[in-house]
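Enquirer: One structure is given below, represented as C-alpha coordinates, and several questions about it will come after.
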Amino acid sequence: MWWTIRGKKNKHISTFQIIILGFLLVILLGSLCLTLPIATQDGKGATFMDALFTSTSAVCVTGLIVEDTATYWSSFGQGVILFLIQIGGMGVVTISVMIAIISGRKISLMQRNTMREAISAPQVGGIVKMTKFILKTALLVEVIGAAVMLPVFIRDFGILRGIWYAIFHSVSAFCNAGFDLMGVNEKFSSLTGYSAQPIINLTIMALIIIGGIGFLTWEDIQRNRWHFSKYRMQSKVIITMTGLLIFIPAIWFFFCEFSDLPLGERILSSFFQSVTPRTAGFNTADLTLLSEAGILIMIMLMLTGGSPGSTAGGMKTTTVAVLISSSLAVFKQKEDAHFFKRRIPDDAIRSAGTILMMYVVLFLAGGMIISYTEEIPILTALFETASAIGTVGLSLGITPELGIISRIILICLMFFGRVGGLTLIYATLSKKYKGGSKFPQEKITVG
(Lines give C-alpha, C1' and ligand atoms only; values in the text may rest on other atoms or scores of the structure.)
Protein backbone atom coordinates (compact mmCIF):
# COMPACT_ATOMS: atom_id res chain seq x y z
CA MET A 1 0.00 0.00 0.00
CA TRP A 2 1.39 3.38 -0.99
CA TRP A 3 0.53 6.75 0.39
CA THR A 4 0.55 9.44 -2.31
CA ILE A 5 1.18 13.08 -1.43
CA ARG A 6 -0.24 15.30 -4.16
CA GLY A 7 1.90 18.17 -5.33
CA LYS A 8 4.10 19.09 -8.23
CA LYS A 9 5.52 15.62 -8.06
CA ASN A 10 3.98 12.46 -6.71
CA LYS A 11 5.89 11.29 -3.67
CA HIS A 12 5.22 7.77 -2.53
CA ILE A 13 5.72 6.88 1.12
CA SER A 14 5.60 3.19 1.90
CA THR A 15 4.44 1.67 5.16
CA PHE A 16 8.07 0.78 5.91
CA GLN A 17 9.14 4.40 5.47
CA ILE A 18 6.32 5.56 7.76
CA ILE A 19 7.54 3.18 10.49
CA ILE A 20 11.13 4.44 10.16
CA LEU A 21 10.14 8.11 10.10
CA GLY A 22 7.91 7.57 13.14
CA PHE A 23 10.80 6.12 15.16
CA LEU A 24 13.17 8.89 14.01
CA LEU A 25 10.68 11.61 14.99
CA VAL A 26 10.11 10.18 18.46
CA ILE A 27 13.88 9.81 19.00
CA LEU A 28 14.46 13.44 18.00
CA LEU A 29 11.67 14.78 20.21
CA GLY A 30 12.94 12.67 23.10
CA SER A 31 16.46 14.02 22.59
CA LEU A 32 15.22 17.60 22.71
CA CYS A 33 13.28 16.93 25.92
CA LEU A 34 16.33 15.39 27.57
CA THR A 35 18.46 18.47 26.78
CA LEU A 36 16.12 20.67 28.87
CA PRO A 37 17.57 21.90 32.20
CA ILE A 38 14.77 20.18 34.18
CA ALA A 39 15.73 16.80 32.70
CA THR A 40 18.93 16.44 34.75
CA GLN A 41 19.51 16.60 38.47
CA ASP A 42 22.15 19.32 38.17
CA GLY A 43 19.70 21.58 36.31
CA LYS A 44 22.02 22.07 33.34
CA GLY A 45 20.49 19.65 30.89
CA ALA A 46 22.32 16.95 28.94
CA THR A 47 24.50 17.52 25.91
CA PHE A 48 22.74 16.74 22.65
CA MET A 49 24.92 13.67 22.02
CA ASP A 50 24.18 12.21 25.47
CA ALA A 51 20.49 13.03 25.02
CA LEU A 52 20.44 11.49 21.52
CA PHE A 53 22.17 8.33 22.73
CA THR A 54 19.78 7.95 25.68
CA SER A 55 16.68 8.72 23.61
CA THR A 56 17.72 6.22 20.91
CA SER A 57 18.43 3.59 23.55
CA ALA A 58 15.01 4.18 25.16
CA VAL A 59 12.94 4.27 21.95
CA CYS A 60 14.82 1.26 20.58
CA VAL A 61 14.29 -0.44 23.99
CA THR A 62 17.99 -1.20 24.28
CA GLY A 63 19.17 -0.02 27.70
CA LEU A 64 22.74 1.02 26.87
CA ILE A 65 23.45 4.20 28.83
CA VAL A 66 26.20 6.79 28.99
CA GLU A 67 24.87 8.32 32.23
CA ASP A 68 23.40 6.48 35.21
CA THR A 69 19.61 6.75 34.93
CA ALA A 70 18.91 7.12 38.65
CA THR A 71 21.61 9.62 39.60
CA TYR A 72 21.97 11.74 36.45
CA TRP A 73 18.39 12.26 35.26
CA SER A 74 15.78 14.12 37.29
CA SER A 75 12.27 12.81 37.91
CA PHE A 76 11.22 14.64 34.73
CA GLY A 77 14.08 13.06 32.77
CA GLN A 78 13.25 9.61 34.11
CA GLY A 79 9.61 10.18 33.15
CA VAL A 80 10.62 11.11 29.60
CA ILE A 81 12.77 7.98 29.38
CA LEU A 82 9.91 5.78 30.63
CA PHE A 83 7.53 7.38 28.12
CA LEU A 84 10.01 6.73 25.30
CA ILE A 85 10.43 3.13 26.45
CA GLN A 86 6.68 2.57 26.38
CA ILE A 87 6.35 4.05 22.88
CA GLY A 88 9.35 2.13 21.60
CA GLY A 89 8.25 -1.14 23.16
CA MET A 90 4.69 -1.04 21.87
CA GLY A 91 5.74 0.55 18.59
CA VAL A 92 5.24 4.08 17.32
CA VAL A 93 2.51 2.97 14.93
CA THR A 94 0.64 1.05 17.65
CA ILE A 95 0.59 4.10 19.89
CA SER A 96 -0.54 6.31 16.99
CA VAL A 97 -3.44 3.98 16.19
CA MET A 98 -4.36 3.89 19.88
CA ILE A 99 -4.57 7.70 19.96
CA ALA A 100 -6.73 7.65 16.84
CA ILE A 101 -9.04 5.05 18.41
CA ILE A 102 -9.39 7.03 21.64
CA SER A 103 -10.09 10.26 19.75
CA GLY A 104 -12.81 8.52 17.73
CA ARG A 105 -11.11 9.05 14.37
CA LYS A 106 -11.63 6.59 11.54
CA ILE A 107 -8.64 4.33 10.89
CA SER A 108 -7.69 4.53 7.21
CA LEU A 109 -6.65 1.56 5.10
CA MET A 110 -3.11 2.97 4.90
CA GLN A 111 -2.93 3.14 8.71
CA ARG A 112 -4.25 -0.41 9.00
CA ASN A 113 -1.66 -1.69 6.55
CA THR A 114 1.12 0.17 8.37
CA MET A 115 -0.07 -1.36 11.63
CA ARG A 116 -0.01 -4.81 10.05
CA GLU A 117 3.64 -4.34 9.03
CA ALA A 118 4.56 -2.92 12.45
CA ILE A 119 3.29 -5.93 14.43
CA SER A 120 4.01 -8.56 11.74
CA ALA A 121 0.34 -9.49 11.49
CA PRO A 122 -0.65 -11.91 8.69
CA GLN A 123 -3.48 -9.77 7.33
CA VAL A 124 -5.11 -6.33 7.50
CA GLY A 125 -8.50 -7.67 8.52
CA GLY A 126 -9.15 -7.37 12.26
CA ILE A 127 -6.05 -5.25 12.82
CA VAL A 128 -7.87 -2.58 14.88
CA LYS A 129 -9.34 -5.24 17.15
CA MET A 130 -5.87 -6.77 17.43
CA THR A 131 -4.42 -3.38 18.38
CA LYS A 132 -6.96 -2.95 21.18
CA PHE A 133 -6.14 -6.45 22.45
CA ILE A 134 -2.40 -5.66 22.44
CA LEU A 135 -2.82 -2.41 24.35
CA LYS A 136 -5.17 -3.89 26.97
CA THR A 137 -2.93 -6.92 27.50
CA ALA A 138 0.23 -4.81 27.73
CA LEU A 139 -1.32 -2.48 30.32
CA LEU A 140 -2.65 -5.41 32.35
CA VAL A 141 0.69 -7.23 32.37
CA GLU A 142 2.60 -4.08 33.36
CA VAL A 143 0.16 -3.32 36.20
CA ILE A 144 0.38 -6.88 37.53
CA GLY A 145 4.19 -6.81 37.31
CA ALA A 146 4.35 -3.52 39.21
CA ALA A 147 1.91 -4.78 41.86
CA VAL A 148 3.96 -7.94 42.49
CA MET A 149 7.24 -6.01 42.89
CA LEU A 150 5.65 -3.16 44.88
CA PRO A 151 6.06 -4.63 48.42
CA VAL A 152 9.79 -5.23 47.87
CA PHE A 153 10.45 -1.75 46.53
CA ILE A 154 8.33 -0.04 49.21
CA ARG A 155 10.32 -1.94 51.83
CA ASP A 156 13.61 -0.77 50.31
CA PHE A 157 12.78 2.77 49.12
CA GLY A 158 9.66 3.97 50.91
CA ILE A 159 6.11 4.37 49.62
CA LEU A 160 6.38 7.06 46.92
CA ARG A 161 9.74 6.01 45.52
CA GLY A 162 8.74 2.35 45.85
CA ILE A 163 5.65 2.92 43.69
CA TRP A 164 7.72 4.74 41.07
CA TYR A 165 10.38 2.03 41.07
CA ALA A 166 7.78 -0.72 40.68
CA ILE A 167 6.13 1.04 37.71
CA PHE A 168 9.43 1.98 36.04
CA HIS A 169 10.96 -1.50 36.26
CA SER A 170 7.74 -3.26 35.24
CA VAL A 171 7.43 -1.17 32.06
CA SER A 172 11.16 -1.42 31.35
CA ALA A 173 11.15 -5.21 31.74
CA PHE A 174 7.96 -5.80 29.75
CA CYS A 175 9.25 -3.60 26.93
CA ASN A 176 12.60 -5.45 27.08
CA ALA A 177 14.37 -2.12 27.64
CA GLY A 178 16.75 -2.87 30.52
CA PHE A 179 16.73 0.64 32.00
CA ASP A 180 16.87 0.61 35.80
CA LEU A 181 16.96 2.99 38.76
CA MET A 182 19.30 1.01 41.00
CA GLY A 183 22.14 3.51 40.60
CA VAL A 184 20.98 5.05 43.89
CA ASN A 185 22.78 2.13 45.54
CA GLU A 186 25.72 1.91 43.14
CA LYS A 187 26.04 3.48 39.69
CA PHE A 188 25.45 1.16 36.73
CA SER A 189 24.74 -1.72 39.13
CA SER A 190 21.49 -2.89 37.45
CA LEU A 191 19.77 -5.56 39.58
CA THR A 192 22.91 -7.09 41.10
CA GLY A 193 21.64 -6.13 44.55
CA TYR A 194 18.62 -8.41 44.02
CA SER A 195 20.47 -11.49 42.74
CA ALA A 196 19.03 -13.63 45.56
CA GLN A 197 15.58 -11.98 45.70
CA PRO A 198 13.10 -14.44 44.13
CA ILE A 199 10.18 -12.01 43.70
CA ILE A 200 12.18 -9.46 41.70
CA ASN A 201 14.02 -12.14 39.70
CA LEU A 202 10.96 -14.17 38.75
CA THR A 203 8.77 -11.14 38.01
CA ILE A 204 11.37 -9.44 35.81
CA MET A 205 12.02 -12.71 33.95
CA ALA A 206 8.28 -13.28 33.40
CA LEU A 207 7.81 -9.74 32.08
CA ILE A 208 10.77 -10.10 29.71
CA ILE A 209 9.47 -13.39 28.32
CA ILE A 210 5.86 -12.18 27.93
CA GLY A 211 7.00 -9.01 26.17
CA GLY A 212 9.41 -10.91 23.95
CA ILE A 213 7.22 -13.74 22.59
CA GLY A 214 5.17 -11.47 20.34
CA PHE A 215 1.67 -10.07 20.11
CA LEU A 216 0.35 -12.80 17.80
CA THR A 217 1.52 -15.46 20.25
CA TRP A 218 -0.44 -13.68 22.99
CA GLU A 219 -3.53 -13.95 20.83
CA ASP A 220 -2.96 -17.66 20.25
CA ILE A 221 -2.54 -18.26 23.98
CA GLN A 222 -5.64 -16.19 24.79
CA ARG A 223 -7.74 -17.94 22.15
CA ASN A 224 -6.55 -21.56 22.44
CA ARG A 225 -5.32 -21.70 26.05
CA TRP A 226 -3.56 -25.04 26.64
CA HIS A 227 -4.47 -26.55 23.25
CA PHE A 228 -0.99 -26.21 21.80
CA SER A 229 -1.92 -28.17 18.66
CA LYS A 230 -4.36 -25.41 17.66
CA TYR A 231 -1.72 -22.67 17.72
CA ARG A 232 -0.34 -21.10 14.54
CA MET A 233 2.86 -22.71 13.32
CA GLN A 234 4.69 -19.44 14.08
CA SER A 235 3.49 -19.44 17.69
CA LYS A 236 4.56 -23.07 18.11
CA VAL A 237 8.04 -22.24 16.76
CA ILE A 238 8.34 -19.15 18.98
CA ILE A 239 7.35 -20.97 22.18
CA THR A 240 9.60 -23.94 21.40
CA MET A 241 12.61 -21.78 20.51
CA THR A 242 12.06 -19.52 23.53
CA GLY A 243 12.08 -22.54 25.84
CA LEU A 244 15.25 -23.96 24.29
CA LEU A 245 17.04 -20.60 24.38
CA ILE A 246 16.23 -20.26 28.07
CA PHE A 247 17.00 -23.75 29.38
CA ILE A 248 20.09 -24.72 27.37
CA PRO A 249 22.18 -21.60 28.26
CA ALA A 250 20.90 -21.79 31.86
CA ILE A 251 22.47 -25.23 32.18
CA TRP A 252 25.83 -23.81 31.05
CA PHE A 253 25.61 -20.87 33.46
CA PHE A 254 24.60 -23.16 36.33
CA PHE A 255 27.50 -25.58 35.98
CA CYS A 256 30.24 -23.37 34.50
CA GLU A 257 29.71 -19.75 35.58
CA PHE A 258 27.94 -19.54 38.96
CA SER A 259 29.18 -22.69 40.70
CA ASP A 260 30.43 -20.69 43.72
CA LEU A 261 26.99 -19.27 44.60
CA PRO A 262 24.49 -20.77 47.09
CA LEU A 263 22.06 -23.16 45.36
CA GLY A 264 19.01 -20.84 45.37
CA GLU A 265 20.93 -17.82 44.09
CA ARG A 266 22.77 -20.04 41.63
CA ILE A 267 19.51 -21.22 40.05
CA LEU A 268 18.08 -17.69 39.89
CA SER A 269 21.27 -16.21 38.43
CA SER A 270 21.59 -18.97 35.84
CA PHE A 271 18.06 -18.54 34.53
CA PHE A 272 18.15 -14.74 34.77
CA GLN A 273 21.33 -14.46 32.71
CA SER A 274 19.81 -16.86 30.20
CA VAL A 275 16.60 -14.83 29.84
CA THR A 276 17.94 -11.27 29.92
CA PRO A 277 20.48 -11.35 27.01
CA ARG A 278 17.68 -11.79 24.48
CA THR A 279 17.04 -8.01 24.36
CA ALA A 280 16.21 -7.20 28.00
CA GLY A 281 19.46 -5.79 29.38
CA PHE A 282 19.09 -6.26 33.12
CA ASN A 283 21.73 -8.25 34.96
CA THR A 284 21.98 -9.73 38.45
CA ALA A 285 25.62 -10.82 38.10
CA ASP A 286 28.88 -9.02 37.40
CA LEU A 287 29.32 -9.76 33.71
CA THR A 288 33.01 -8.90 33.76
CA LEU A 289 33.59 -12.04 35.86
CA LEU A 290 32.16 -14.38 33.22
CA SER A 291 34.49 -16.62 31.24
CA GLU A 292 35.11 -15.87 27.58
CA ALA A 293 32.89 -18.85 26.72
CA GLY A 294 30.10 -17.39 28.85
CA ILE A 295 30.49 -14.00 27.15
CA LEU A 296 30.34 -15.67 23.73
CA ILE A 297 27.11 -17.47 24.68
CA MET A 298 25.60 -14.15 25.74
CA ILE A 299 26.67 -12.56 22.44
CA MET A 300 24.86 -15.31 20.51
CA LEU A 301 21.75 -14.88 22.66
CA MET A 302 21.84 -11.09 22.16
CA LEU A 303 22.07 -11.45 18.39
CA THR A 304 19.14 -13.89 18.38
CA GLY A 305 16.84 -11.54 20.30
CA GLY A 306 13.11 -11.97 20.82
CA SER A 307 10.26 -12.83 18.47
CA PRO A 308 8.53 -11.01 15.58
CA GLY A 309 5.87 -8.45 16.45
CA SER A 310 7.06 -8.15 20.05
CA THR A 311 8.70 -5.54 22.26
CA ALA A 312 12.06 -7.20 21.58
CA GLY A 313 14.71 -6.69 18.91
CA GLY A 314 17.47 -8.86 17.46
CA MET A 315 17.38 -11.25 14.50
CA LYS A 316 14.35 -12.96 16.08
CA THR A 317 13.82 -16.52 17.26
CA THR A 318 11.92 -17.43 14.08
CA THR A 319 14.85 -16.35 11.89
CA VAL A 320 17.21 -18.70 13.74
CA ALA A 321 14.61 -21.47 13.69
CA VAL A 322 14.12 -21.16 9.92
CA LEU A 323 17.89 -21.30 9.35
CA ILE A 324 18.20 -24.39 11.56
CA SER A 325 15.30 -26.13 9.80
CA SER A 326 16.72 -25.27 6.39
CA SER A 327 20.11 -26.67 7.40
CA LEU A 328 18.53 -29.88 8.71
CA ALA A 329 16.66 -30.27 5.41
CA VAL A 330 19.98 -30.04 3.55
CA PHE A 331 21.64 -32.55 5.91
CA LYS A 332 18.75 -35.00 5.43
CA GLN A 333 18.70 -34.32 1.67
CA LYS A 334 15.06 -33.24 1.83
CA GLU A 335 13.57 -30.83 -0.66
CA ASP A 336 11.69 -28.64 1.84
CA ALA A 337 12.31 -27.29 5.34
CA HIS A 338 9.37 -27.65 7.68
CA PHE A 339 7.99 -27.15 11.21
CA PHE A 340 5.18 -29.11 12.83
CA LYS A 341 4.21 -30.78 9.53
CA ARG A 342 4.09 -27.44 7.70
CA ARG A 343 6.46 -26.45 4.87
CA ILE A 344 8.44 -23.23 5.15
CA PRO A 345 8.14 -20.92 2.10
CA ASP A 346 11.33 -20.37 0.12
CA ASP A 347 11.08 -16.60 0.51
CA ALA A 348 11.15 -17.00 4.32
CA ILE A 349 14.41 -18.96 4.03
CA ARG A 350 15.92 -16.31 1.75
CA SER A 351 14.83 -13.54 4.11
CA ALA A 352 16.30 -15.40 7.11
CA GLY A 353 19.63 -15.79 5.32
CA THR A 354 19.65 -12.11 4.38
CA ILE A 355 18.88 -11.02 7.94
CA LEU A 356 21.66 -13.24 9.32
CA MET A 357 24.16 -11.79 6.85
CA MET A 358 23.19 -8.19 7.68
CA TYR A 359 23.38 -8.70 11.42
CA VAL A 360 26.70 -10.55 11.32
CA VAL A 361 28.32 -7.99 8.98
CA LEU A 362 27.15 -4.96 10.98
CA PHE A 363 27.92 -6.62 14.33
CA LEU A 364 31.47 -7.55 13.27
CA ALA A 365 32.20 -4.31 11.41
CA GLY A 366 30.98 -2.18 14.31
CA GLY A 367 32.96 -4.26 16.80
CA MET A 368 36.17 -4.01 14.82
CA ILE A 369 35.89 -0.25 14.41
CA ILE A 370 35.16 0.28 18.12
CA SER A 371 37.97 -2.08 19.11
CA TYR A 372 40.42 -0.16 16.88
CA THR A 373 39.33 3.39 17.80
CA GLU A 374 38.98 2.74 21.54
CA GLU A 375 41.96 0.34 21.77
CA ILE A 376 39.97 -2.29 23.68
CA PRO A 377 39.87 -6.11 23.32
CA ILE A 378 37.83 -7.26 20.33
CA LEU A 379 35.58 -9.53 22.45
CA THR A 380 34.64 -6.59 24.67
CA ALA A 381 33.84 -4.46 21.62
CA LEU A 382 31.81 -7.26 20.01
CA PHE A 383 29.82 -7.67 23.23
CA GLU A 384 28.93 -3.98 23.00
CA THR A 385 27.89 -4.11 19.34
CA ALA A 386 25.89 -7.31 19.86
CA SER A 387 24.11 -5.60 22.74
CA ALA A 388 23.32 -2.59 20.54
CA ILE A 389 22.13 -4.38 17.40
CA GLY A 390 20.20 -6.89 19.51
CA THR A 391 18.66 -3.95 21.46
CA VAL A 392 19.75 -5.60 24.70
CA GLY A 393 21.56 -3.04 26.81
CA LEU A 394 24.06 -5.29 28.56
CA SER A 395 27.60 -3.96 28.76
CA LEU A 396 30.97 -4.91 30.16
CA GLY A 397 31.23 -1.39 31.55
CA ILE A 398 32.75 0.48 28.60
CA THR A 399 29.71 2.42 27.28
CA PRO A 400 30.16 5.64 29.34
CA GLU A 401 33.83 5.85 28.30
CA LEU A 402 33.31 5.51 24.55
CA GLY A 403 34.20 8.33 22.17
CA ILE A 404 31.86 10.06 19.75
CA ILE A 405 32.59 7.74 16.80
CA SER A 406 31.83 4.65 18.84
CA ARG A 407 28.64 6.20 20.22
CA ILE A 408 27.41 7.06 16.73
CA ILE A 409 28.07 3.47 15.66
CA LEU A 410 26.05 2.16 18.61
CA ILE A 411 23.21 4.61 17.90
CA CYS A 412 22.99 3.35 14.31
CA LEU A 413 23.12 -0.29 15.43
CA MET A 414 20.38 0.25 18.04
CA PHE A 415 18.13 1.84 15.44
CA PHE A 416 18.82 -0.92 12.93
CA GLY A 417 18.14 -3.59 15.55
CA ARG A 418 14.80 -2.14 16.63
CA VAL A 419 13.37 -1.14 13.25
CA GLY A 420 14.62 -4.29 11.53
CA GLY A 421 16.93 -4.92 8.63
CA LEU A 422 14.28 -5.85 6.08
CA THR A 423 12.20 -2.80 7.03
CA LEU A 424 15.16 -0.55 6.27
CA ILE A 425 15.86 -2.32 2.98
CA TYR A 426 12.24 -2.19 1.85
CA ALA A 427 12.04 1.48 2.85
CA THR A 428 15.14 2.26 0.77
CA LEU A 429 14.29 0.04 -2.19
CA SER A 430 10.63 0.95 -2.16
CA LYS A 431 9.68 -0.61 -5.48
CA LYS A 432 9.69 -4.34 -5.92
CA TYR A 433 11.34 -5.52 -9.14
CA LYS A 434 8.90 -7.24 -11.44
CA GLY A 435 10.87 -8.56 -14.33
CA GLY A 436 9.42 -10.81 -16.99
CA SER A 437 12.75 -12.39 -17.91
CA LYS A 438 15.41 -14.30 -16.01
CA PHE A 439 19.13 -14.82 -16.49
CA PRO A 440 20.30 -18.28 -17.56
CA GLN A 441 20.92 -20.65 -14.67
CA GLU A 442 24.29 -22.27 -14.05
CA LYS A 443 25.35 -24.49 -11.17
CA ILE A 444 27.91 -23.39 -8.57
CA THR A 445 29.56 -25.61 -5.98
CA VAL A 446 29.29 -24.51 -2.34
CA GLY A 447 30.72 -26.04 0.83
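Enquirer: Starting from the Cα-Cα distance between K438 and I404, subtract it from 0.36 nm times their residue separation and give me the gain in nm to one decimal.
Expert: Roughly 7.6 nm would be gained on extension.
Enquirer: Can I ask one more? Would you mind calculating the relative contact order of the stretch 331-389 from Cα pairs under 8 angstrom and at least 6 residues apart, reporting the percent as a whole number?
Expert: Answer for the stretch 331-389 is 24 percent.
Enquirer: Work out from phi, with θ = phi - 60° and the Karplus expression 6.51 cos²θ - 1.76 cosθ + 1.60, the ³J(HN,Hα) of each residue of the stretch 231-243, listed in order in whole Hz, and give x for Gly and Pro.
Expert: Karplus values, whole Hz, x for Gly and Pro: 5, 4, 4, 4, 5, 4, 5, 4, 5, 5, 5, 4, x.
Enquirer: Okay, next question. For the stretch 375-405 and the stretch 25-39, compute the distance between their C-alpha centroids and round to whole Å.
Expert: Result: 24 Å between the Cα centres.
Enquirer: Could you state the accessible area per residue of the stretch 135-222 in Å², with a 1.4 Å probe and every protein chain left in place?
Expert: 39 Å²
Enquirer: Something else about it: Taking amide H positions as placed 1.01 Å from N in the peptide plane, with prolines and chain starts having none, which residues 5 or more places from L64, or on another chain, fall under 5 Å of its amide H?
Expert: Under 5 Å from the amide H of L64: G393.
Enquirer: Please report, in whole Å³, the volume per residue of the convex hull around the C-alpha atoms of the stretch 197-302.
Expert: 106 Å³
Enquirer: Moving on. Arranged from highest to lowest average of other beta-carbon atoms within 10 Å per residue, in what order do the peptides 196-207, 137-148 appear?
Expert: Order by mean packing, descending: 196-207, 137-148.
Enquirer: Run the simple label-point estimate for V360 and D42 please: 7 Å along Cα→C-beta, distance reported in nm.
Expert: With each label placed 7 Å out from Cα toward Cβ, I get 4.4 nm.
Enquirer: Please compare each pair in K136/K187; K44/K187; K129/K230; K136/K230; K187/K316 to a cut-off of 25 Å on the Cα-Cα distance and tell me which ones are over it.
Expert: The answer is K136/K187; K187/K316.
Enquirer: At a 1.4 Å probe, what is the % contribution of carbon and sulfur to the accessible area of the stretch 250-390?
Expert: C and S atoms contribute 65 percent here.
Enquirer: Of L303, V322, W252, whose Cα points farthest to the positive end of the dipole of the stretch 251-353 (charges on the beta-carbon: +1 Lys, Arg; -1 Asp, Glu; origin at the Cα centre)?
Expert: With unit charges placed on the Cβ atoms, the residue in question is V322.
Enquirer: Please state the relative contact order of the stretch 245-297 as a whole percent: Cα pairs under 8 Å, 6+ residues apart?
Expert: 37 percent
Enquirer: What list of ³J(HN,Hα) values in whole Hz, one per residue of the stretch 336-352 in order, does the Karplus curve 6.51 cos²θ - 1.76 cosθ + 1.60 (θ = phi - 60°) give from phi, with Gly and Pro shown as x?
Expert: 10, 7, 7, 10, 6, 6, 10, 6, 8, x, 4, 5, 5, 5, 5, 4, 4
Enquirer: Round to a whole number: what % of the accessible area of the stretch 143-242 belongs to carbon and sulfur, probe 1.4 Å?
Expert: Of all accessible area on the stretch 143-242, carbon and sulfur atoms account for 65 percent.
Enquirer: OK, next. For T137 and W226 in one chain, what is 0.36 nm times their gap in residues minus the Cα-Cα distance, to one decimal in nm?
Expert: 30.2 nm
Enquirer: Could you give the dipole magnitude of the stretch 323-424 about its Cα centre, charging the beta-carbon of Lys and Arg +1 and that of Asp and Glu -1, in debye to the nearest 20?
Expert: The dipole of the stretch 323-424 has a size of about 560 debye.
Enquirer: Over the stretch 146-219, what per residue volume does the convex hull of the Cα atoms give, in whole Å³?
Expert: 83 Å³
The values are calculated or read from the model by the stated rules, or taken from the named source; none is laboratory data. What you see is a predicted model; the values in this text were computed from it and never measured. Using ideal geometry, Cβ is built from the backbone for each residue, glycine included, and neighbour counts are taken over all protein chains shown. The protein model used for the area step is the full one, side chains on, heavy atoms only, and it has no ligands, DNA or RNA in it. Shrake-Rupley method; radii C 1.70, N 1.55, O 1.52, S 1.80 Å.
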